[in-house]
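Coordinate-derived values only; no laboratory data. For clarity, every value in this text was computed on a predicted model and none was experimentally measured. Here Cβ is always computed from backbone atoms with ideal geometry, including for glycine, and neighbour counts include all displayed protein chains.
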Amino acid sequence: MQLINSYGANATIYQLDDMSNGQEVDKALQWLGLKPSIPAVFIGQRLVGGAKEIISL
């Protein structure tokens, strides 16, 4: 989060544990190839990737 904020972006965080459909979202993220499935970073509605991809950017 600090990394993203340091570039002036306003991040929105969704806690899967707090969502009624959190398990389904987790399964969908895994299906998209994120292992582990969190954190998953989207810019707009496009999946950028997980922590490794964000740090490499």
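Within region 10-40, track down each residue that is in a loop (DSSP other than H, G, I, E, B), free of Cβ contacts under 8 Å to residues at least 12 places away in the same chain and among the aliphatic types (A, V, I, L, M).
ALA11, MET19, ALA40, listed by residue number.
For region 11-57, give me the residue count where each residue is among the β-branched types (Val, Ile, Thr) and farther than 17 Å from MET1 by Cβ.
1
Out of the residues in region 1-32 that are within 17 Å of GLY49 (Cβ to Cβ) and touching a Leu at 6+ places or on another chain (Cβ under 7 Å), state the one that is surrounded by the most Cβ atoms within 10 Å (Cβ to Cβ).
ASP26
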